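S.K.: Below are the structure tokens for one structure; questions will follow.
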Amino acid sequence: MTVEGKNEEKIAKSSNKIVPQFDAAPDQTISEGSNVILNGHRFTTDRVKASYSRSHISPRNYDINIANADSPNASFKAPYILDNGDKGDIKASITLSFQLTVSDSKGVSSKNVNIKVKRFQRAMIFQAAVALGAYEAGVFRALVEKTSSVAS
């Protein structure tokens, strides 16, 4: 039997065993490019024999590299938000979903956590001088190209 509750919690129960119980990590709101720690805690499991697995669920168009995905405490670098420039669709934020699965001799349990990534606001001010303006235009172009290559 499966019991579903708050935060997309899925707990499989068997007749005489209590499966691992834990908190996956709090939902967070962060900026693009930030380092994020997904801290699992309050475990009621046989930690000696427990195994952990953290995975990125959605959205799938972001390649997320999770460090220490096989431990209670994982981390990743928040991606830069992808836009659909052809349609003029500029997103202010995205929500990434992750799942922590814990298994031990008593069973398997998993919980989801959502991380909202907000767009980092950028601004550049150009000065009026001709030579300085040309330099600034070059710097602006390099920044745009660098941001585009990082985002893709």
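The values are calculated or read from the model by the stated rules, or taken from the named source; none is laboratory data. Just so we're clear, the structure is a prediction, and the values are computed from it rather than from any experiment. Neighbour counts are summed over all protein chains in view; Cβ atoms, including those assigned to glycine, are modelled from backbone coordinates with ideal geometry.
S.K.: Return the residues of the stretch 24-48 that are surrounded by fewer than 16 Cβ atoms within 10 Å (Cβ to Cβ) and modelled with pLDDT under 75; say none if nothing qualifies.
M.R.: Of everything in the stretch 24-48, those that are surrounded by fewer than 16 Cβ atoms within 10 Å (Cβ to Cβ) and modelled with pLDDT under 75 turn out to be His41, Arg42, Thr44, Asp46, Arg47, Val48.
S.K.: While we're on this one: When the residues of the stretch 84-100 are narrowed to those that are at pLDDT 80 or above and hydrophobic (A, V, I, L, M, F, W, C), which ends up nearest to the chain's Cα centre (by Cα)?
M.R.: Leu96
S.K.: Separate question: Taking Ala92, is it surrounded by fewer than 13 Cβ atoms within 10 Å (Cβ to Cβ) and either without any contact (Cβ under 8 Å) to a residue 24 or more places away in the chain or over 15 Å from Gly33 (Cβ atoms) (or both)?
M.R.: In short, yes.
S.K.: Now, a different point. Any residue in the stretch 55-79 that is under 16 Å from Lys118 (Cα atoms) sitting within a Cβ distance under 8 Å of a residue that is charged (D, E, K, R)? List the pairs, counting only those 6 or more apart or interchain.
M.R.: From residues that are under 16 Å from Lys118 (Cα atoms), the pairs are Ala78/Glu32; Pro79/Glu32; Pro79/Asp63.
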